[in-house]
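Okay, structure first, notes after.
The values are calculated or read from the model by the stated rules, or taken from the named source; none is laboratory data. Please read these numbers as outputs of a predicted model, since none were measured by experiment. Here the Cβ positions follow ideal geometry from the backbone for every residue, glycine too, while neighbour counts run over all protein chains shown. Side chains are part of the model used for accessible areas, which takes the heavy atoms of the whole protein and leaves out ligands, DNA and RNA. Shrake-Rupley method; radii C 1.70, N 1.55, O 1.52, S 1.80 Å.
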Amino acid sequence: MEAYDEGLKYDPQNAVLQQGIQEVTATVIQAMSGRFPTPMDVDSQSPPTKASEQKKAEPPKPAEPKVDEMNEEERKKYFAKKEKDAGNNAYKKKDFETALKHYHAALEHDPTDITFHNNIAAVYFEQKQYDDCIKECEKGIEVGRENRADFKLIAKALARIGNSYRKMEDYKQAKVYFEKAMSEHRTPEIKTSLSEVEAKIKEEERRAYINPELAEVEKEKGNELFKKGDYSNAVKHYSEAIKRNPDDPKLYSNRAACYTKLAAFDLGLKDCETCINLDDKFIKGYIRKGKILQGMQKSSKASAAYLKALEIDPQNAEALEGYRQCSISYQRSPEDVMKNALGDPEVQQILKDPAMRVILDQMQTDPKAAKDHLQNPAIADKIMKLIEAGIVQIH
């Protein structure tokens, strides 16, 4: 009460201060009339009824401010708020036309408040009138900037523009406005929306890039380089072909063959799995997988891959040979494997080559050297022969 009285000394006609005094007075009277204990020498009264208890429990309604005592600016804001509240009630009931009438009326009373523009835009958004929603938000942002509105309200308008563009499937424009909203006020909701539209843009670009005809051209280039032993550059063309036609299992199978030659077994294995997932009847995917697992000295898993291939074609020569080799290797001791390998004239010739011995020593002490040497097609073929024979293991 003292604070309100002090305020009235400076502005005797201030409606807010006068209303505050009325509210405090009503609260004091309520407290005085209902909360003093009954004196000991007075007979107790009959128990209060439920109606009277409910009446006492209800907080006092604030007194209506006296409009006549308000100045012009206060009167405009007062009526604008009343219209906004009426609009909000209609909005909650999904009575959008009524809500619009009240929000527009609020704007007539106070055209400097961005909130009314935001509310009108919210109605347009619910009505799926996205172009109107965007225009209203833009008006609101302009009004907000001119009147130094809270940056959160600006961010809200920018985010609603972003959501409108997203509904219209214009994801690039949506991204622009979500980023603008984030620069005004970062919220988890806007950040999530931005991430979602970025994913949509990426997917759209991926789909737009798909062209099976160009994929075939890149595949042929890769095949030519593979035949020449240029496996690194063949990988580049197969990778481009995959981008152009990501649902073709043959492309992954071809790239897996390159990775096998380069002893990049983990990448080759991943391509084989993709290939099989795209077409579980594509026999080459299982055969490539078996060969890679053999190179990794995982005979039991390689054997399982070859068996899958034989389920598709029981007479496939590559699958039968791979399974046979796995069965023999699985049953032999490391000493038998080495003995058998050293009996192979081709293996002997490779091991007698002084340059190859230096390369093998480098690979043993420096794992990165293996990747460098495998770039050379001639050396890569010799190393693969040693891997298949069980002489060399790459992990």
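For this structure, a couple of remarks:
- Equivalent-ellipsoid semi-axes of segment 119-172, from the Cα gyration tensor, Å, largest first: 20, 12, 8
- Counting only alpha carbon atoms, the long axis of helix 114-126 and the longest principal axis of the chain meet at about 60°.
- Whole-Å distance, taken between Cα centres, linking segment 163-205 and segment 249-325: 42 Å
- Angstrom value of the Kirkwood radius, inverse mean 1/r, which spans all Cα pairs in the chain: 29.4 Å
- Axis of helix 188-209 versus longest Cα principal axis of the chain: the two differ by about 40°, to the nearest ten degrees.
- Accessible area of segment 268-323 belonging to carbon and sulfur atoms, whole % at 1.4 Å probe: 50 percent
- Calculated over segment 238-321: convex hull of Cα atoms, volume per residue (Å³): 77 Å³
- Residues in segment 99-117 reached by a label modelled at residue 150 [backbone nitrogen below 13 Å; 7 Å Cα→Cβ]: 114-116
- Three-way shape call for segment 86-135 based on the alpha-carbon gyration tensor, with the a/c threshold at 1.5: oblate
- Using just its DSSP H runs of length 4 or more, each adding -39500 (n - 2.57), the chain gives a mean residue ellipticity at 222 nm of -24500 deg cm²/dmol after division by all residues.
- Global form of segment 71-208, assessed from the alpha-carbon gyration tensor, a/c cut-off 1.5: prolate
- Cα-Cα over 29 Å, subset of 200/228; 94/200; 93/156; 202/228; 180/270: 200/228; 94/200; 202/228; 180/270
- Seen against the Cα atoms of the chain and their longest principal axis, helix 151-167 is set at about 50 degrees.
- Label positions at residue 315 and residue 16, each projected 7 Å from the Cα along the C-beta direction, are separated by 9.4 nm.
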